[in-house]
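**Q** Please see the structure below; I have some questions.
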Amino acid sequence: MNILNKVNSSNDVKLLRPEELKPLCEEIREYIIDSVSKTGGHLASNLGAVELTVALHRVYDTSVDRIVFDVGHQSYAHKILTGRRDEFGTLRCHGGLSGFPKPYEADDDAFIAGHASNSVSVALGMARARTLENKNYNVAAVIGDGALTGGLAYEGLTNVGGSGEPLVIILNDNGMSINGNVGGIAKLLSRERIKPGYINFKRWYRNTVGKVSSIYNANHRIKEALKKRILQPNIFDAMGIYYLGPVDGHDVEQLETVIRWAKEMETPVLVHVITKKGKGCEYAEEHPENYHGVGKFNPETGELPKEKKSFSTVFGSALSRFADVDKSIVAITAAMSSGTGLTAFANKHPRRFYDVGIAEQNAVAMAAGMAKQGLTPVFAVYSSFLQRSYDMLIHDVSLQKLHVVLGVDRAGLVGNDGETHHGAFDLSYLCSVPYMQVFAPSSFAELEYMLDTALYKADGPVAVRYPRGGEGEYMSCSKSDSEILKAGSDITIAAYGILINTALELADKLSAVGISAEIVKINRLAPLNAEPVLASLTKTGKLFIAEDVCNAGCVGEQILAKAAESGICVKAAVNNLGEGIVAHGSVDELKKDCGLDADCLFEKALALVRGE
């Protein structure tokens with residue numbers, strides 16, 4: 001790392017000679033591959049954005065200027081170039097660097113990232129704040145073509161075009177989200193990609209004719225007038241955003257030149273950059289979808305750990321089997337077919353599989369239309385991404401009591417992606433949707449049973465929420481709304497989902513010190529049938545519940561409210577994720593941080609029983 005060692009801040013990149021830039025990019029790639037192979041992370045997307053990131057830091061001063069990354073999957077090189085190189089070995093580790101931009105880590109991170117399609121709107125807000133406050137800094141947004149499948153991106157672009165605000169939008173176009181991009185915007189961008197020679201000509205023209213300002217300015221006015229008369233404008237031109245590109249995203253000098261032009265134009269400009277996901281790493285280039293988000297892997301061969309059976313894969317396999325005999329079943333994903341386990345369904349039932357791109361609102365509204373016309377739509381989506389569809393769940397689905405099934409994946413703590421990805425809020429908002437039923441399986445067998453129930457024994461909207469990863473010691477299948485797993489007399493322990501395993505461990509710990517715990521397993525969270533819990537409380541008088549959701553609207557709150565309505569006086573300890581903002585780390589580490597591991601819960605339960 002002869003050159004990378006010279007770069008200890010954003011401004012150090014500006015001091016490098018042009019001939020040092022290509023080897024710098026190679027060193028950054030090697031550093032990312034080596035580090036991510038040890039910690040896991042988003043590999044292919046970051047490898048594709050190295051030259052772009054170096055060029056951005058050559059043009060902008062990120063300690064003052066604001067560069068807003070969309071999603072943040074491409075921010076690793078940015079972190080390395082902004083004084084965090086030596087900490088990079090802690091990436092996504094408990095207490096270490098986040099895998100996404102985080103302003104609390106460094107001033108160079110302009111805005112938090114984790115979800116898609118918001119960068120243009122955020123950057124416009126910053127640009128308008130700059131203008132209103134008469135301040136002097138530049139603003140740029142870096143958005144991928146995958147994020148352009150989200151409607152919020154177009155709301156931002158429309159406003160940018162009408163604003164006249166000096167703002168540069170970098171469109172990092174690699175033709176992919178996690179899987180290949182879908183929809184009309186992908187087709188539109190593919191037409192623009194076939195014109196790579198245009199920017200080279202424009203660069204030559206500016207460097208030659210542009211040296212004579214009077215000739216250049218006259219020719220420029222004529223050229224722009226002819227362009228508007230003869231050429232059909234692309235979508236960005238039509239919005240009032242000056243389009244530059246396409247640009248080779250792996251040519252640092254060309255990128256730097258064009259981004260400088262864009263900045264100096266003092267108007268809304270979009271720079272269309274063509275990159276290759278996984279660039280510089282053969283196995284990541286060949287199979288970028290496999291190296292989007294990875295765990296630890298062999299950096300020499302690219303060998304990944306064998307995929308273990310998980311709630312996601314069980315869900316996808318079961319849904320595909322149901323679809324074998326039920327032709328009304330259709331599956332929907334928002335650019336997450338592999339992540340939500342729907343690959344098998346897509347391969348077996350391609351005509352009934354729909355990838356809408358990063359467009360969760362569209363997915364739910366489309367599902368509502370399908371349900372209204374007699375199909376049985378199943379939308380598999382990460383809990384934290386489903387948040388975007390809240391209005392559609394109420395307005396488009398529940399008001400007509402339409403039978404839409406949600407596979408709410410990654411519910412609860414997800415681990416190393418951190419606060420933007422934990423499924424901490426789904427119970428709170430889903431329980432507020434009229435007619436919504438919410439089931440929480442604790443085992444693979446229960447997931448299949450509850451999916452069957454959701455498809456064939458339920459009316460209206462139904463959600464089945466399940467965690468990331470595999471099942472625990474509990475592998476049985478409970479078929480009632482709630483069930484007494486273990487009888488006891490001193491304390492009532494209520495739990496659901498994957499935390500039933502912790503509840504069973506806790507009961508054993510309490511038994512070892514002479515405390516008899518009754519475990520009530522809750523399977524249907526909405527509408528909640530609290531009678532089994534209330535019956536247990538009349539015996540024990542003490543409620544102890546552990547939940548991997550935020551405090552607002554949690555099951556513990558609901559049970560206590562029902563107990564109060566019934567005149568049952570109880571002592572209680574409601575344990576959950578608090579406000580729901582939880583850092584990154586392994587799930588076990590985060591459970592300990594949140595007081596949800598068996599040891600922490602044991603101390604709290606002991607105190608409750610002893611009246612401490």
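The values are calculated or read from the model by the stated rules, or taken from the named source; none is laboratory data. Note that this is a predicted model, so its numbers are computed, not measured. Quick reminder, even Gly has a Cβ in these numbers, built from the backbone with ideal geometry, and neighbours come from all protein chains shown. Each accessible area value is taken on the protein alone, full model and side chains, heavy atoms only, with ligands, DNA and RNA left out. Shrake-Rupley method; radii C 1.70, N 1.55, O 1.52, S 1.80 Å.
**Q** Expressed as a rounded percentage, what relative contact order does segment 384-452 have, with Cα pairs under 8 Å and six or more residues apart?
**A** So the answer I get is 33 percent.
**Q** Can you give the relative contact order of the chain as a percent, counting alpha carbon pairs under 8 Å and 6+ residues apart?
**A** The normalised contact order for the chain reaches 11 percent.
**Q** Then there is this: Starting from the amide H of residue 67, placed 1.01 Å from N in the peptide plane, find each other amide H under 5 Å away whose residue is 5 or more places distant or on another chain.
**A** Correct list: 110, 140.
**Q** Turning to a different aspect of this structure: Using 0.36 nm times the number of residues separating residue 309 and residue 539, minus their current alpha carbon distance, what extension gain do you get?
**A** Extending this stretch completely gives an extra 78.8 nm.
**Q** With Cβ to Cβ distances under 11 Å as the rule, what net charge do the other residues near residue 577 carry (K, R +1; D, E -1)?
**A** That sum, taken over residues with Cβ under 11 Å, equals -4.
**Q** Further question: Sort the following peptides by mean Cβ neighbour count (other Cβ atoms within 10 Å, averaged over residues), highest first: 523-532, 165-174.
**A** Per-residue Cβ counts within 10 Å, averaged per peptide and sorted highest first, yield 165-174, 523-532.
**Q** Hey, which lysines would be in cross-link range of residue 592, C-alpha to C-alpha under 16 Å, not counting anything within fewer than 8 residues on its own chain?
**A** The qualifying lysines are 604.
**Q** Oh, and also: Run the quick spin-label model on residue 87 and residue 287: label points 7 Å from Cα toward the beta carbon, then report their separation in nm to one decimal.
**A** 3.4
**Q** Carbon and sulfur atoms: what percent of the 1.4 Å accessible area of segment 229-301 do they account for?
**A** 45
**Q** Among 246-252, 18-24, how do they line up by average Cβ neighbours within 10 Å per residue, starting with the highest?
**A** Peptide ranking by packing, descending: 246-252, 18-24.
**Q** I've got another one for you. Listed here are the pairs 401/521; 539/562; 296/591; 521/571; which of them are more than 25 Å apart at the Cα?
**A** Pairs exceeding 25 Å: 401/521.
**Q** Nearest 5 percent is fine: what portion of the DSSP beta bridges confined to segment 481-604 is antiparallel?
**A** 25
**Q** Quick one: which residues, 5+ away or cross-chain, put their amide H under 5 Å from the amide H of residue 438? H built at 1.01 Å from N.
**A** Under 5 Å from the amide H of residue 438: 463, 525, 526.
**Q** Sticking with this structure for a sec: In a solvent-free Debye calculation with one equal scatterer on each Cα, what is log10 I(q)/I(0) for segment 413-481 at q = 0.11, 0.24 Å⁻¹, listed in the order of the q values?
**A** For segment 413-481 at q = 0.11, 0.24 Å⁻¹, log10 I(q)/I(0) is -0.31, -1.13.
**Q** Averaging sequence separations of C-alpha pairs under 8 Å and six or more residues apart, then dividing by the length of segment 326-416, give the relative contact order as a whole percent.
**A** Dividing the mean separation by the residue count of segment 326-416 yields 31 percent.
**Q** Hey, another quick one. Which lysines, if any, have their Cα less than 20 Å from the Cα of residue 327, not counting same-chain residues under 8 positions apart?
**A** Candidates past the 8-residue exclusion: 348, 372, 457.
**Q** Follow-up. How far, in nm, would the chain grow between residue 301 and residue 401 when pulled straight, counting 0.36 nm per residue and subtracting the alpha carbon separation?
**A** 30.9 nm
**Q** Continuing with the same structure: Tell me, what ³J(HN,Hα) does each residue in segment 412-421 have, in order and in whole Hz, if you take phi through Karplus 6.51 cos²θ - 1.76 cosθ + 1.60 with θ = phi - 60° and put x for Gly and Pro?
**A** Coupling constants for segment 412-421: x, 7, 9, x, 6, 7, x, 5, 7, 10 Hz.
**Q** For 67, 568, give me the order by solvent-accessible area with a 1.4 Å probe, most accessible first, ignoring ligands, DNA and RNA.
**A** Largest to smallest exposure gives the sequence 568, 67.
**Q** Let a ≥ b ≥ c be the square roots of the eigenvalues of the Cα gyration tensor of segment 333-470; is it rounded (a/c under 1.5), or, if not, prolate (a/b larger than b/c) or oblate?
**A** Rounded shape, in that the Cα axes give a/c under 1.5.
**Q** A further question follows. Need the full-extension length gain, residue 158 to residue 588, defined as separation in residues times 0.36 nm minus the C-alpha distance. One decimal, nm.
**A** The residue 158-residue 588 span can extend by a further 150.4 nm.
**Q** Starting with the highest mean, order 72-81, 469-478 by the number of other Cβ atoms within 10 Å, averaged over the residues of each peptide.
**A** Sorting 72-81, 469-478 by mean packing, highest first, produces 72-81, 469-478.
**Q** Just from its helices, what would the mean residue ellipticity at 222 nm be for the chain, if runs of 4 or more DSSP H residues each count -39500 (n - 2.57) and the sum is divided by every residue, rounded to the nearest 500 deg cm²/dmol?
**A** -11500 deg cm²/dmol
**Q** Further, regarding this structure: Pop out the ³J(HN,Hα) list for segment 426-440 in order, Karplus 6.51 cos²θ - 1.76 cosθ + 1.60 with θ = phi - 60°, rounded to Hz; leave Gly and Pro as x.
**A** 4, 5, 4, 7, 5, 5, 8, 7, x, 6, 6, 9, 10, 10, 9
**Q** Give me the one-decimal nm value for the distance between modelled label points at residue 132 and residue 19, 7 Å along each residue's Cα-to-Cβ direction.
**A** 5.0
**Q** Which of rounded, prolate, oblate describes the chain, given a ≥ b ≥ c as roots of the alpha-carbon gyration tensor eigenvalues and a/c under 1.5 marking rounded, otherwise prolate only if a/b is larger than b/c?
**A** Since a/c reaches 1.5 and a/b is larger than b/c, the shape of the chain is classed as prolate.
**Q** May I pose another question? By its C-alpha gyration tensor, with a ≥ b ≥ c as the square roots of the eigenvalues, how is segment 495-612 shaped: rounded for a/c under 1.5, else prolate for a/b larger than b/c, else oblate?
**A** Here segment 495-612 falls in the oblate category.
**Q** How much of the accessible area of segment 22-174, probe 1.4 Å, is carbon plus sulfur, in whole percent?
**A** For segment 22-174, the apolar C and S fraction of the accessible surface comes to 51 percent.
**Q** If you don't mind, another one. Can you work out the Karplus-derived ³J(HN,Hα) for every residue in segment 541-546? Use 6.51 cos²θ - 1.76 cosθ + 1.60 with θ = phi - 60°, whole Hz, and x for glycine or proline.
**A** Each residue of segment 541-546 in turn: x, 9, 9, 10, 10, 10 Hz.
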